[in-house]
Structure formats: C-alpha cells, structure tokens
1. Taking R0 as 56 Å, what's the FRET efficiency between B:Arg303 and B:Arg274 from their Cβ-Cβ distance, rounded to 0.05?
2. Between chains A and B, what is the buried accessible area summed over both chains (1.4 Å probe, protein heavy atoms, nearest 100 Å²)?
3. Which parts of region B:242-265, residue by residue, lose 20 Å² or more of accessible area when the rest of the protein chains are there, as against the chain isolated (1.4 Å probe)?
4. For chain B, with all protein chains present and a 1.4 Å probe, just round the carbon and sulfur fraction of the accessible area to a whole percent.
5. Tilt of helix B:2-20 relative to the longest C-alpha principal axis of chain B, in degrees (0 to 90, nearest 10)?
6. Which chymotrypsin sites (Phe, Trp or Tyr not before Pro) from region B:128-212 combine a DSSP loop assignment with at most 10 other Cβ atoms within 10 Å?
7. Determine the per residue accessible area of chain B with all protein chains present and a 1.4 angstrom probe, expressed in square angstrom.
8. Counting partner chain Cβ atoms within 10 Å of every residue's Cβ in B:278-289, what's the average?
Amino acid sequence: MLRYVLRRIAASALLLFLVLTGVFLLLRLAPGDPMALLETPRIPAEAREELRRSWGLDQPLATQYVRWLGGTLAGDWGTSFSHHRPATDVVRSALPATLWLGGAALLLQLLLGLPLGTLAARRAGSLGDHGLRVLSLSLYATPTFWLGIVALLCFTYRWPIFPPSHLQSVFLAPGAIPLWSDRLHHLALPVLVLGISGVGGWIRYTRASVLEVLSQDHLVALRARGIPERRVLWIHALRSALPSLLQVLGFTLPLLLSGALILEVLFSWPGLGQVTYGALLSRDYPLILA
Amino acid sequence: MRLELRCSLALLLLLLLVAVAAPWLAPLDPNQQVDPAAARLLPPGSTRYLIDEGARTLAAEQLSPDQSEYLRLGSWRSVSDSAPQPRRFWLGTDRYGRDVASRVVYGARASLRVAVATTLVSLVLGLLVGGIAGWRGGLVDALLMRMADALFAFPQLFLVLAAAALWSTGELAIVVILGTTSWMETARITRSEILRIRGTDALDAVRGLGLSPPRILTHHLLPFVLPPVLIHTALRVGDIILIEASLSFLGFGIQPPNPSWGNLIAEATDVLDRAWWVAVFPGAALTLTVLAFGLLADGLADRLDPRRQG
C-alpha cells in the first residue's frame with residue numbers, strides 16, 4: 001500500500017514537472033517580446049537594457065528556466081512585468097472575484113442539475129426525460145459568451161434590470177448593506193449565465209449515474225423493505241451516485257474556469273480571467289505562468 | 001431514437017451545403033461595405049436601393065416615383081445613369097454596412113473548415129498514440145499516457161489561448177494548436193479498447209492463424225476501436241467549434257475581416273446597445289451547429305453502443 005502511494009506521488013510529481021516545463025517552453029519559445037511594448041522613443045535604449053537585465057531576460061533560456069523552476073518550487077513566482085508586483089500578489093488579489101463567480105455558478109449548477117438529472121433518471125424514457133435531454137444538449141451547445149451577450153441584450157439594454165459590467169458601482173452609498181446588495185446585483189448576471197450554461201452537463205451526468213445506480217441490488221432490497229420510492233430515489237440512489245458525480249466535478253472545473261475567463265472579459269469582471277487575458281496581450285511571462 | 005440521428009444528419013447536411021455553396025447563397029460579398037454611412041446597422045429585413053456611382057455604391061432609402069431621384073441620409077439627389085437595384089438585408093447589416101446574412105453564411109465555412117481539419121488531426125494523433133501505447137505497453141505506454149495526462153490536466157481553452165495569443169493566429173496555426181491539444185481522450189479510448197481486445201482469446205486465435213500484424217490491425221482491431229472513438233469524435237467536433245469560436249471571440253482566432261462566427265459576435269459587442277441582430281444571428285448559427293453534432297453523438301451512441309440498446 002505504501003509503495004502504491006509513493007508511486008502515485010512520484011507520478012504526480014513527474015506530471016507536475018512535465019506540465020511546468022511544457023508551459024515554460026510554450027511561452028518562452030513563442031515569438032514576441034515583452035520589451036516590444038516599451039519600444040517608444042521616450043524610453044532610452046540604456047533604460048530598456050537595464051530593465052531587461054533586472055527581469056533576467058538577458059540570460060540564456062536554460063538559465064532562466066532553472067532559475068524560474070527553483071523560484072517556483074520555493075514559492076516565489078517572479079514579479080509581474082506590467083503590474084510591478086509579485087505575480088502571486090496579482091493572482092491573489094484577483095482570485096476572490098473569480099472564486100465568487102465560479103463558486104456561485106457551480107452552486108447554481110448543482111442546485112438545478114442534480115434534481116433535474118435525478119428526475120430524468122426516475123422517468124427515463126418519458127416525454128419529460130426527452131425534453132430534458134434536448135434542453136441539456138441545447139444548453140451545452142450554447143456558447144457561454146453568446147449566452148452572456150444575449151443576457152446583456154435582454155437584461156441591461158432591453159429591460160435594464162442588471163448592470164452590464166464590473167464588480168460594483170462607482171457611486172455607492174456608504175455602509176455594509178448597500179455594498180453587499182450592490183455586489184450581489186453585479187454578480188447576478190454573470191453567475192446566472194455561467195451557471196445556466198453548465199447545467200446541461202450536470203443534468204446528463206446525474207441522469208446517467210443515477211440510472212446506473214437505480215438498478216443495483218441494494219436499492220432493490222431497500223424497496224423490498226418497504227421504504228418509499230421517493231426516499232429511495234432522493235436519498236439512497238443519489239448518495240450511491242455521489243462518488244461518480246464527484247469525479248464529474250473534477251472534469252467540469254476546467255470548463256467552469258474557461259467559461260469564467262470569457263465571461264470576465266465580457267463583463268469586465270476583475271478576476272483571474274481578466275488578468276490572464278491582459279497578461280497574454282502584454283506577454284507578462286511570470287504572470288501567465290502563475 | 002432514430003429521430004435524433006435523422007435530425008442531426010439533416011441539419012449537418014444543410015450546414016455543409018450552406019458552407020460549400022456560400023458564394024452562390026450569400027447575397028453579397030461578406031466583406032463588401034455597402035455604403036458605410038447610409039447602410040450601417042440596418043435592422044433585419046430592411047431594403048435599400050443600391051445605386052452604382054462608379055467608384056462607390058450608395059444605398060438609398062427611397063426613390064421618387066419616376067426613379068430619377070433618391071433619398072439618402074435625409075437629402076434628395078438625382079440618380080445618374082445607372083438603374084437603382086433594390087436589395088433586401090434579411091439579417092440586417094453591421095456597423096460597416098456589411099450584410100450580416102452573407103457574413104454568417106461565410107462564417108459557416110471558416111468554422112466547419114477549422115473543425116473538420118482539427119478533428120482529423122486529433123483523430124489521427126489519438127489513434128496513433130493510443131494504438132502504440134496499448135499495443136506496446138510497458139514504458140512506452142506509461143510515458144505516452146503521462147504525457148496525455150499532463151495535457152489533459154489543463155483547461156484546454158487556457159492552453160489554446162496561450163498558444164494562439166503568443167505564437168500565431170493564422171487558420172493553420174489554430175488547427176495545429178487545437179488538434180495537438182484535443183487528441184488525449186481519443187488516445188485513452190483507443191488504448192483501453194486495444195488492451196481489452198488484446199486479452200481475449202479471439203485475438204490469440206487470429207494470431208495463431210499467422211495473420212500479418214497490419215491485417216490484424218485493420219481487420220480485427222480497428223472495427224472494435226472505431227465505434228467508441230467515433231461517438232467521442234462526434235461530440236468533440238462540437239467542442240472544437242465552440243473553442244474556435246471562443247478563441248475568435250477573444251481576438252486570437254480567425255482574424256477579421258474574414259468572418260467566423262466567433263469574431264462576428266466579438267465585433268457585435270461594440271454595438272450591442274443599438275443592434276441586437278449583429279450578435280444574435282451568428283450565435284444562433286453556432287449553437288445550432290454544435291447542437292447538431294451533439295445530437296449526432298447521442299444518436300451514434302444509441303446506435304453503436306450495445307450497452308445503450310434496448
């Protein structure tokens with residue numbers, strides 16, 4: 001058992017190493033230069049050279065790589081070129097906004113997806129099941145950014161219920177309650193969009209795993225003992241399906257993040273997605289890597 | 001559920017037809033700016049009279065009864081020698097006075113081209129890697145599969161975004177980037193199918209008959225590997241179209257003025273408060289296409305997967 005665990009850990013470490021190296025190479029071998037943005041006559045060439053040295057960009061790539069890998073393992077992720085702050089700082093300040101958005105959206109997805117998926121499994125083959133199937137496929141097929149735009153069209157331009165962008169209003173009454181209600185107000189639209197666009201997947205996965213569980217012997221036994229069908233379905237079946245659903249959580253997270261990235265750009269939401277987008281545009285190597 | 005399969009095939013056929021026949025179907029050249037001053041952001045269904053003035057085309061709102069004068073931007077002018085042609089903009093125009101319908105039709109071309117090419121790349125890569133890993137086993141298998149895991153651990157959009165943003169944004173580059181980041185699941189399915197078949201007596205028997213390895217591969221392995229791979233691929237095509245669109249939407253995919261559904265929607269965000277049609281139509285086309293591929297995958301799964309029959 002210990003050997004197995006050690007082997008898994010070694011494999012994960014190797015995986016991490018491969019990932020880090022791959023990303024480093026991908027970024028640094030790419031054409032383009034962060035210096036290009038500073039290429040204005042107003043900045044003298046010596047100053048640029050100086051900056052290049054201080055960022056360590058004058059060293060050969062191998063040296064940069066070793067230095068960066070060492071720093072990363074030690075928890076120092078370098079200094080962002082454009083924010084002039086440690087990259088970890090930039091990430092840390094943007095993280096809460098993304099967590100809010102992603103967390104709330106995930107919650108919405110689960111609250112809608114689990115019950116609907118279980119219902120579909122309960123009535124597999126019925127008209128409602130087919131309806132949900134088409135609905136979930138349509139939701140999966142709808143690009144998140146387009147759903148976002150349609151939501152903007154409906155709820156900020158046609159019927160101005162929600163604000164179009166940013167985390168909070170510029171002019172704000174003081175006090176905690178206006179602050180929070182204002183923030184929730186701004187959060188609502190992106191969360192709704194991100195949540196709804198992910199519900200389709202959850203309905204499908206829940207339906208499949210509950211369906212698989214429903215025919216298992218221990219549920220048949222529960223029914224035989226006279227436990228009401230409703231209880232069997234919502235408590236026992238759902239619980240047995242939980243492990244496979246947790247697995248689903250693992251591979252929906254990347255999707256959630258990608259969706260968040262695009263929506264952050266669309267809604268000017270100051271989270272990680274925005275940071276990544278900006279960092280890509282200005283070739284801010286330490287920041288992208290973080 | 002034959003209905004799903006039929007619906008999706010009909011939709012895809014229609015789409016293919018639209019993409020192939022774009023030059024004949026599209027009412028106008030997708031990049032032609034019809035009088036940017038007078039024909040910008042026209043709502044769907046608007047009609048304008050196009051007057052050829054030699055160097056430029058003017059879009060008139062109205063003609064006088066004898067067709068000798070026309071109204072453009074609030075003032076009447078006389079028609080010179082050419083006869084005004086009425087032109088209806090079924091899906092409206094964008095802010096440069098380009099015909100949205102034509103751009104959506106041409107967008108289908110770009111999206112499908114990228115999707116098909118990418119799918120082929122990832123299919124070949126996946127079959128190769130999975131096949132080699134499953135057949136060889138041992139260290140080769142472990143290395144190849146760890147590589148697949150490493151790639152799989154990333155949100156594909158981030159990887160693709162970083163690669164496209166920093167490297168290059170041509171159509172070929174997108175195909176290469178998307179293709180090399182979406183073969184992992186195919187490889188995994190191929191590998192597990194091959195591992196499963198390798199252990200069966202049937203394969204030992206085939207080997208015992210002294211068949212050559214290529215023959216074993218094409219006649220006794222591929223028929224088993226293909227169905228699950230095809231189901232997965234049908235679903236992936238939809239994903240790939242979505243990712244290409246997201247990439248183009250963010251400005252790192254197909255570059256304007258060449259129309260793709262993603263960059264059409266991106267251009268529409270600037271005029272969202274005035275012109276809903278510029279954003280809604282390409283998005284609807286996109287959704288319908290991805291839906292068609294999803295239905296195809298579902299239908300194929302029902303048809304090809306013995307576990308889901310009955």
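The values are calculated or read from the model by the stated rules, or taken from the named source; none is laboratory data. Note that the structure is a prediction, hence the values are computed from the model and not measured. Cβ sites come from the backbone with ideal geometry, for glycine too, and all protein chains shown count toward neighbours. Side chains included, ligands, DNA and RNA excluded: accessible areas come from the protein's heavy atoms. Shrake-Rupley method; radii C 1.70, N 1.55, O 1.52, S 1.80 Å.
1. Values: r = 47 Å, r/R0 = 0.84.
Step by step, r from the Cβ atoms, then E = 0.75.
2. Numbers: alone 17700 and 16060 Å², together 30060 Å².
The summed interface area works out to 3700 Å².
3. B:Leu242, B:Ser246, B:Phe249, B:Leu250, B:Phe252, B:Ile265
4. On the way: 8960 of 14260 Å².
Carbon and sulfur together cover 63 percent of it.
5. It is inclined by approximately 50 degrees.
6. Details: sites: B:Trp135, B:Phe152, B:Phe158, B:Trp167, B:Trp183; in loops: B:Trp167, B:Trp183.
Here no chymotrypsin sites (Phe, Trp or Tyr not before Pro) fit, given the DSSP loop and packing criteria.
7. Working: 14260 Å² over 310 residues.
Value for chain B: 46 Å² per residue.
8. Numbers: counts 0, 6, 4, 0, 1, 7, 3, 0, 5, 8, 3, 1.
Per residue, the number of nearby Cβ atoms from other chains is 3 on average.
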